[in-house]
1. List every residue pair whose Cβ atoms sit under 7 Å apart, with the two residues 6 or more apart in sequence or on different chains, where the first one lies in region 61-85 and is at positive phi and the second, anywhere, is at pLDDT 95 or above.
2. Testing residue 179 on (1) at pLDDT 95 or above; (2) closer than 21 Å to residue 133 by Cα, one condition comes back false. Which one is that?
3. Within the group 100, 111, 175, which residue is assigned to a helix (DSSP H, G or I), surrounded by fewer than 18 Cβ atoms within 10 Å (Cβ to Cβ) and of a type outside the set (A, V, I, L, M)?
4. Search region 58-97 for residues being polar (S, T, N, Q) and surrounded by 14 or more Cβ atoms within 10 Å (Cβ to Cβ), and hand back the single one that is nearest to residue 32 (Cα to Cα).
5. (1) assigned to a helix (DSSP H, G or I); (2) under 17 Å from residue 192 (Cα atoms); (3) in contact with a Pro (Cβ under 8 Å, 6 or more places away or on another chain): which one isn't true of residue 135, the others all being true?
6. For region 162-197, which residues satisfy the criterion of being more than 23 Å from residue 49 (Cβ to Cβ) and either among the polar types (S, T, N, Q) or without any contact (Cβ under 8 Å) to a residue 12 or more places away in the chain (or both)?
7. Mind counting the residues in region 156-172 that are touching a helix residue (DSSP H, G or I) at 6+ places or on another chain (Cβ under 7 Å), outside any helix (DSSP H, G or I) and closer than 24 Å to residue 190 by Cα?
8. Can you tell me which residue in region 39-55 is modelled with the lowest pLDDT, limited to those that are surrounded by fewer than 17 Cβ atoms within 10 Å (Cβ to Cβ) and part of a helix (DSSP H, G or I)?
Amino acid sequence: MLVSIVFVFWAGFVCSAQVLYPNLRDELLSMEKVDQDARMKCANGSADEQVKCLAPLLKAIDEPHTKRLEEIFDQIGFPNTAKVGREGMQAFMILLQHAPTDALRVRSLKPITAAFKNKELPPMDYANFVDRLRLHQGKKQLYGSGFDFKEGKMVMSPTEDMKNLDKRRAKIGLPPLAELIKMMKEMYKLEVVVPTN
């Protein structure tokens, strides 16, 4: 079984400004906590053990969360910082990464790009989103944020122009790939493989 993961950074944003939908912000934060608590329980053990632990989360957590995200999007549009605050928007982004289909990702592409350009969205969240969508569309990722569990290791998903990867990462404000790999090894306690092409 192949399970794609995208490494997520938590920036710990605190937003003191008023938001239009504080109840939706709180709901998104609650959903994120459920999502992350379940995934952190899977972050130990061999790659096979982690895959087995993550697999049931699709039905138990990801599908119902995606349905609710779609309802929120239908109700208020993309939940940007003015609507749900930075922490609410970041929770939406993390949950969106785990959506089992791309329908909501496609709907979110333009507003997410706008949020990134307006500096509402951290570079890693933007890179995770772009790379996941591209991989699901059969394209190579741009920023090297996506990895798959393969043969007991974490292997970088197909990536455009590896020679210039760190330049693309730096251009949008990401650390070099070597830093990402170090953090991934510490978090997942697995070998991280970056194919050369």
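The values are calculated or read from the model by the stated rules, or taken from the named source; none is laboratory data. Source: prediction; values computed, not measured. Quick reminder, even Gly has a Cβ in these numbers, built from the backbone with ideal geometry, and neighbours come from all protein chains shown.
1. Hits for this filter: 85/25.
2. Going through (1) at pLDDT 95 or above; (2) closer than 21 Å to residue 133 by Cα one by one, residue 179 breaks only (2).
3. Exactly one of 100, 111, 175 is assigned to a helix (DSSP H, G or I), surrounded by fewer than 18 Cβ atoms within 10 Å (Cβ to Cβ) and of a type outside the set (A, V, I, L, M), namely 111.
4. Across region 58-97, the extreme among qualifying residues is 90.
5. It is condition (2) that residue 135 fails.
6. 163, 164, 166, 167, 170, 171, 175, 176, 178, 179, 196, 197
7. Count: 2.
8. Across region 39-55, the extreme among qualifying residues is 48.
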